[in-house]
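Structure first, commentary second.
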């Protein structure tokens, strides 16, 4: 996660003042059905949505390279009882 943020943000961070931290902070929270991953980083407000999308894409690309990680998604399955005659 940290590498994905750094890769996408590198060109933006070069233009930032030196006093602004350039390392992302990653937070993990265990949930009942998975893990929440939060990446915090300084960015330019006008580019925030595009940058966030690029970071998510980079993370998904890295996850696809791993053979032992799968992304689950919440879903509901409705099973209707069969009618008896």
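Brief remarks follow.
- The C-beta contact set for region 66-82 (first residue on the phi < 0 side of the Ramachandran plot and surrounded by fewer than 10 Cβ atoms within 10 Å (Cβ to Cβ), second residue at pLDDT below 80 and part of a loop (DSSP other than H, G, I, E, B), distance under 9 angstrom, 6+ apart or interchain) comprises 72/33; 74/33.
- The set of residues in region 41-66 being at pLDDT 85 or above and not in a helix (DSSP H, G or I) consists of 41, 42, 43, 66.
The values are calculated or read from the model by the stated rules, or taken from the named source; none is laboratory data. Since the model is a prediction, treat every value here as computed from it, not as a measurement. Positions of Cβ are backbone-derived with ideal geometry, glycine not excepted, and every protein chain shown enters the neighbour counts.
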